[in-house]
Amino acid sequence: MENLTTEYLGLTLKSPLIVSSSRLTSTTGQLKEAEESGAGAVVLKSLFEEQINHHIHSFQSAPGSYPEADDYLSNYIHDNSVEAYLELIRSAKRNLSIPVIPSINCYTAKGWTGFAKNIEDAGADAIEINVFFLPVDRKKSAAESEKLYFDLIENLKRTVKIPIVLKIGYRFSNILYMIDQFYIRGIRGVVMFNRFYEPDIDINRMEVIPASILSQDNERRYVLRWIGMASAQDIKIDISASTGVHSGQDAVKYLLAGATTVQVCSVLYNKGISYIKTMNGQISDWMSSKGFKNIHDFRGKLNYLNYEKPTVFERTQFMKYFSSFE
Ligand SMILES: Cc1cc2nc3c(=O)[nH]c(=O)nc-3n(C[C@H](O)[C@H](O)[C@H](O)COP(=O)(O)O)c2cc1C
């Protein structure tokens, strides 16, 4: 086995593979299995902003939310208390030696952020903020919508000392600008990218239904460009790749594009948490075949800075293929 050791957020990981936030990281047993299978770190299932606010006040509907969503949330909140979440962090810290990264899922920049201190006090090694402010107000400019991210960071930075990671979507006018601004405000890492709930339509039942919950193999195409370009910037922000990693070879692609770590979720739903062991083996086999002894021997080798033809990252039109593709 080659050396897969990786530095992420100032923490030393035995492998660049991280089990990303989902129901698969919601019990100490699952987290232990992830560690035993060779995961470098675990991101706990997200605690929702509503859960925290419920904990702080008695639960009230957020303005503009929907009654049926409130029912769902009330039940969810009842079954998934904040105390239980803090206990999950403490238990994970007692039972695991790999870094434990709790996650908060939020859609506003205020109110709940003070709670991050409880997470820090429970022993978290870092905190991941799963953040997406869906811009649905046609009167609000992109800059106004994006300012919410900066307010959020400033609130959190006043509250905790542990590294903060932002798990973002890719729908920004200028992703590289945003990452730069996150870095200036003290963010240590970005997860690129979250894969959000999206609607689909069932034309037989005439209903709006969730689009596929698990990712497909071809979804890396949206991610690779931005990792290749973001990792080439001269700022010290770690990039954790997420979406569409279904094998060790897929993880190698993101590492070559400059990711510091690679998060996995759907593949583990399909193949079980223990599949991390196979994926670590695939990364190691590829490294041996290329003569690389350490991850840093090849990380970023094919990013915008290091690749001999960086303009491939800027190309958006298939000019060559439009003229010849049949
Ligand atoms: C069933 C399910 C639940 C998820 N729950 C969360 C969550 O609570 N918080 C979060 O940040 N991401 C959540 N995610 C997103 C994953 O962590 C991951 O970013 C996404 O699935 C893309 O990675 P993949 O292609 O490896 O699945 C969830 C994904 C799935 C499939």
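The values are calculated or read from the model by the stated rules, or taken from the named source; none is laboratory data. All figures in this text were calculated on a predicted structure; none of them were measured in a lab. Please note: Cβ atoms are built from the backbone with ideal geometry, for glycine as well, and neighbour counts cover all protein chains shown. Surface accessibility is based on the protein's heavy atoms, side chains included, excluding ligands, DNA and RNA. Shrake-Rupley method; radii C 1.70, N 1.55, O 1.52, S 1.80 Å.
Pull up the stretch 44-102, narrow it to residues that are over 16 Å from Val19 (Cα atoms), surrounded by fewer than 16 Cβ atoms within 10 Å (Cβ to Cβ) and of a type in the set (Gly, Ala, Ser), then point me to the one that is modelled with the highest pLDDT.
Per the stated criteria, the residue is Ala84.
List, please: which pairs have Cβ atoms under 6 Å, are six or more places apart or on different chains, and start with a residue in the stretch 21-47 that is within 18 Å of Ile283 (Cβ to Cβ) and end with one that is of a type in the set (D, E, K, R)?
Ser37/Lys277; Gly38/Lys277; Gly40/Lys14
Would you tally the residues in the stretch 224-268 being touching a Gly at 6+ places or on another chain (Cβ under 7 Å), within 20 Å of Phe182 (Cα to Cα) and without any contact (Cβ under 8 Å) to a residue 60 or more places away in the chain?
Residues flagged as touching a Gly at 6+ places or on another chain (Cβ under 7 Å), within 20 Å of Phe182 (Cα to Cα) and without any contact (Cβ under 8 Å) to a residue 60 or more places away in the chain within the stretch 224-268 amount to 3.
Is it the case that some residue within the stretch 283-301 is within 16 Å of the ligand (Cβ to nearest atom) and in contact with a strand residue (DSSP E or B) (Cβ under 6 Å, 6 or more places away or on another chain)?
Scanning the stretch 283-301 turns up no residue that is within 16 Å of the ligand (Cβ to nearest atom) and in contact with a strand residue (DSSP E or B) (Cβ under 6 Å, 6 or more places away or on another chain).
Only one of these is farther than 30 Å from Ser247 by Cα and more than 13 Å from the ligand (Cβ to nearest atom): Arg188, Arg171, Arg158, Arg225. Name it.
None of the others qualify; the one that does is Arg158.
I need the full set of residues from the stretch 23-39 which are polar (S, T, N, Q) and closer than 16 Å to Leu86 by Cα, in order please.
Matches in the stretch 23-39: Thr25, Ser26, Thr27, Thr28.
Give me the residue from the stretch 7-41 that is within 11 Å of the ligand (Cβ to nearest atom) and assigned to a strand (DSSP E or B) and, out of that set, farthest from Ile295 (Cα to Cα).
Val19
Within the stretch 276-291, can one find any residue that is touching a Phe, Trp or Tyr at 6+ places or on another chain (Cβ under 6 Å) and surrounded by fewer than 21 Cβ atoms within 10 Å (Cβ to Cβ)?
no
Considering (1) modelled with pLDDT under 95; (2) open to solvent by less than 40 Å² (accessible area, probe 1.4 Å), say which one Gly114 fails and leave the rest.
(2)
Answer with yes or no whether Gln282 is under 17 Å from the mean Cα position of the chain (by Cα), modelled with pLDDT of 95 or more and not β-branched (Val, Ile, Thr).
no
Please indicate, with yes or no, whether at least one residue in the stretch 152-159 is touching a residue at least 12 places away in the same chain (Cβ under 8 Å), open to solvent by 70 Å² or more (accessible area, probe 1.4 Å) and within 21 Å of the chain's Cα centre (by Cα).
Within the stretch 152-159, one or more residues are touching a residue at least 12 places away in the same chain (Cβ under 8 Å), open to solvent by 70 Å² or more (accessible area, probe 1.4 Å) and within 21 Å of the chain's Cα centre (by Cα).
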